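The values are calculated or read from the model by the stated rules, or taken from the named source; none is laboratory data. Values in this document were obtained by computation on a predicted structure and should not be read as measured data. In this analysis, Cβ positions are derived from the backbone assuming ideal geometry, glycine residues included, and neighbour counts consider all displayed protein chains. Side chains included, ligands, DNA and RNA excluded: accessible areas come from the protein's heavy atoms. Shrake-Rupley method; radii C 1.70, N 1.55, O 1.52, S 1.80 Å.
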Amino acid sequence: MGLKKTIRKLKFQGEILVLDTLDSLLGRRPPLVPPRWLNHDGITFDGADETVQMLKDYAGLAPNVAILDLGCGIGRIASSLTKELSPEGKYVGVDIVERAVNWMKAAYKPHPNFSFYHLDVHSSAYNPQGRLKTDEIDFNFLGNQKFDIVFLISVFTHLYPAHVRHYLELIRGVLKPDGRLFASVFVNDDFAKERQRLAIETKQKLTSRNFRYVGDGFYAPRSANPELAVAFDPGQIESMWSGAGMKLEEPFRYGSWCGRPGAHDFYQDVIISRPV
């Protein structure tokens, strides 16, 4: 790292420390919102209630359900679910960033039906020292727990097909027979492809993503580091889901990423499925 970059990083860290200290002294940070130093992506909690409403509308979220959040991040959705779940309900959050998981374990102590686990999976962006490859993970740490709802937001959008299939097989094993999987994806169907083609041809901002690279069973913006954003066409989605023993519920709930008419405000597309 060059000297200028090091100086900028130290300056940024100093500013964050000052702001976090002021938040603590003035009591202006809600108890379930993490300090700035932990918020590596600059995530806001805006829109979390809207996502929870989607879980109600599409996946049957109710006060007494058991829900598994894979890729829970810094607790953005968990914080909203504290207002929805009754003491009979249960939330389990899983993430690959250990410092975030440790913070949430402490922050959510007043909510005994909320628990968090660290899954030590390698990620060049978020967990470069992770000891497990994606296709090596299991859910043994969950014991015999079964869930009414499993949801993943911005997880499958960073995984290759084989890894998505592995996750789906694990998820099928922890879902109740009538449980539902709520997963966000980029659906690269004919409409999305045409929008991307027009955006490139006209140089207009018609879509926020252009999946130009065609990989082995997936699409990505470029061949270098394709996991930064991964899309699948409907046939690829059907193949992965059915191969893992999951039945897709149609229609897909399309997001706003490619400017689709009638899309919901949620950025990515949403797929609902259940065990066969």
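Some notes on this structure:
- Matching residues, region 182-206, being touching a residue at least 40 places away in the same chain (Cβ under 8 Å) and not in a helix (DSSP H, G or I): 182, 183, 184, 185, 186, 187, 188, 189, 206
- Qualifying positions in region 207-225 - at pLDDT 95 or above, assigned to a loop (DSSP other than H, G, I, E, B) and hydrophobic (A, V, I, L, M, F, W, C): 211, 218
- Residue 153, sole failed condition from (1) of a type in the set (Val, Ile, Thr); (2) farther than 30 Å from residue 81 by Cβ; (3) touching a strand residue (DSSP E or B) at 6+ places or on another chain (Cβ under 8 Å): (2)
Residues checked against (1) among the charged types (D, E, K, R); (2) touching a residue at least 40 places away in the same chain (Cβ under 8 Å):
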position: 79; (1), (2): no, yes
position: 116; (1), (2): no, yes
position: 123; (1), (2): no, no
position: 131; (1), (2): yes, no
position: 135; (1), (2): yes, no
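- Top-ranked residue of region 228-238 - restricted to ones that are of a type in the set (Gly, Ala, Ser) and either touching a Pro at 6+ places or on another chain (Cβ under 8 Å) or outside any helix (DSSP H, G or I) (or both), ranked as nearest to residue 154 (Cα to Cα): 229
- Residue among 183, 162, 199, 192 that alone is of a type outside the set (Ser, Thr, Tyr) and touching a Cys at 6+ places or on another chain (Cβ under 6 Å): 192
- For region 242-276, the candidate set comprises residues that are polar (S, T, N, Q) and not in a loop (DSSP other than H, G, I, E, B); within that set, the residue that is surrounded by the most Cβ atoms within 10 Å (Cβ to Cβ) is 273.
- Failed criterion for residue 255 (all others in (1) touching a helix residue (DSSP H, G or I) at 6+ places or on another chain (Cβ under 9 Å); (2) modelled with pLDDT of 95 or more; (3) closer than 19 Å to residue 158 by Cα hold): (1)
- Tally of residues being among the hydroxyl-bearing types (Ser, Thr, Tyr) and open to solvent by less than 60 Å² (accessible area, probe 1.4 Å) across region 217-241: 1
- Residues being touching a helix residue (DSSP H, G or I) at 6+ places or on another chain (Cβ under 9 Å), open to solvent by 40 Å² or more (accessible area, probe 1.4 Å) and farther than 18 Å from residue 246 by Cβ - total across region 151-189: 1
- Checked against the criterion of being at pLDDT below 95 and among the acidic types (Asp, Glu), region 226-248 contains one or more residues that satisfy it.
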